[in-house]
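Working notes, beginning with the structure itself.
The values are calculated or read from the model by the stated rules, or taken from the named source; none is laboratory data. The shown structure was predicted, so the numbers you read here are calculated from the model rather than taken from an experiment. Glycine also receives a Cβ, built like all others from the backbone with ideal geometry; neighbour counts cover every protein chain displayed. Note: accessible area is taken over every heavy atom of the protein model, side chains too, but ligands, DNA and RNA are not part of it. Shrake-Rupley method; radii C 1.70, N 1.55, O 1.52, S 1.80 Å.
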Amino acid sequence: MVDSHRMSREIEVKLNLDSFTNYLKLLGFLGRIEREERHKNAFFDTEDRKLAEAGWALRVRAEDNRGLVTIKSIATRSGAAFIRQEMEAEISRAEALDCLALHLDVMSFPVVPIDYLKEKLGELEVMLLVKFENLRQKKFFKISDYTYVFEIDKTEFGDGSVDYELEVELPDTDRLETVDDALRKMFSSLAISFEHQSDSKFARALQRAKIY
């Protein structure tokens with residue numbers, strides 16, 4: 001039996017930057033970036049969408065120096081924050097790229113997220129739903145007495161469209177009001193419209209691919 005305690009909780013505030021101009025404004029305000037990452041992402045499900053029906057999304061990601069297999073639950077909302085359960089395992093970058101190119105079956109990986117899905121749903125034959133690429137720039141930023149990691153994303157979807165957003169992960173929901181208020185003031189000072197992003201990148205990729 002897979003230990004469900006290996007599931008973690010992700011709490012995020014996501015803000016839509018709306019345009020390349022706003023993206024540059026925010027990056028200019030934040031100054032030197034601590035780290036830049038390039039992600040190649042692919043999401044998989046069965047032909048009859050058994051994972052979605054069960055409330056899960058299955059992602060394979062190739063980063064600069066590693067790969068990741070991740071399952072994420074459907075998000076719930078707590079005020080401005082998205083809350084998801086997730087389980088993640090590291091694979092090699094080469095394995096992730098082979099999976100994205102459909103040379104490897106993600107369900108064949110002997111990793112905890114795949115074992116969990118098999119235990120809950122049985123053997124599954126999955127197919128590629130969508131792929132997209134993301135440029136992520138990370139910046140440490142202090143709000144009140146706590147330092148957060150700001151993730152500024154430029155996401156290129158399969159249809160050629162591009163989205164820009166800011167993601168801030170929180171340790172718990174107790175800090176949500178403080179963070180949201182600080183972000184609102186920051187965006188106001190930069191003349192950027194303050195708009196919470198209501199859909200995940202996966203959901204937006206499905207919309208652009210006209211997969212419903």
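General remarks:
- This structure gives Rg and Dmax of the Cα atoms in Å, computed directly, and of (1) 18.1, 58; (2) 17.6, 52; (3) 20.1, 81 that value is listed as (2).
- Accessible surface of Glu37, taken over heavy atoms with a 1.4 Å probe and every protein chain present, rounds to 10 Å².
- Comparing Cα centroids, region 174-194 and region 34-72 end up 29 angstrom apart.
- Heavy-atom accessible area per residue - the chain, 1.4 Å, Å²: 51 Å²
- Quotient of C-alpha Rg and 2.2 N^0.38 Å, computed over region 33-79: 1.45
- Each of the peptides 116-125, 42-51, 58-67 was scored by the mean count of other Cβ atoms within 10 Å over its residues; in descending order, highest first, they stand as 58-67, 42-51, 116-125.
- Calculated [222 nm] ellipticity per residue, helices only, for the chain: -7500 deg cm²/dmol; basis is -39500 (n - 2.57) per DSSP H run with n ≥ 4, divided by all residues, nearest 500.
- Two-decimal Rg to Rh for region 68-186 - Kirkwood Rh, Cα set: 1.02
- Shape category assigned to region 52-91 from the gyration tensor of Cα positions, a/c cut at 1.5: oblate
- Measuring nothing but protein heavy atoms, the accessible surface of region 129-212 at 1.4 Å probe radius is 44 percent carbon and sulfur.
- Close lysine pairs were tallied over region 7-84: pairs 8 or more places apart or on different chains with Cα atoms under 22 Å apart number 5.
- Percent carbon-and-sulfur accessible area, region 1-86, ignoring ligands, DNA and RNA, probe 1.4 Å: 46 percent
- Placing unit charges on the Cβ atoms only, positive for Lys and Arg and negative for Asp and Glu, gives the chain a dipole magnitude near 500 debye about its Cα centre.
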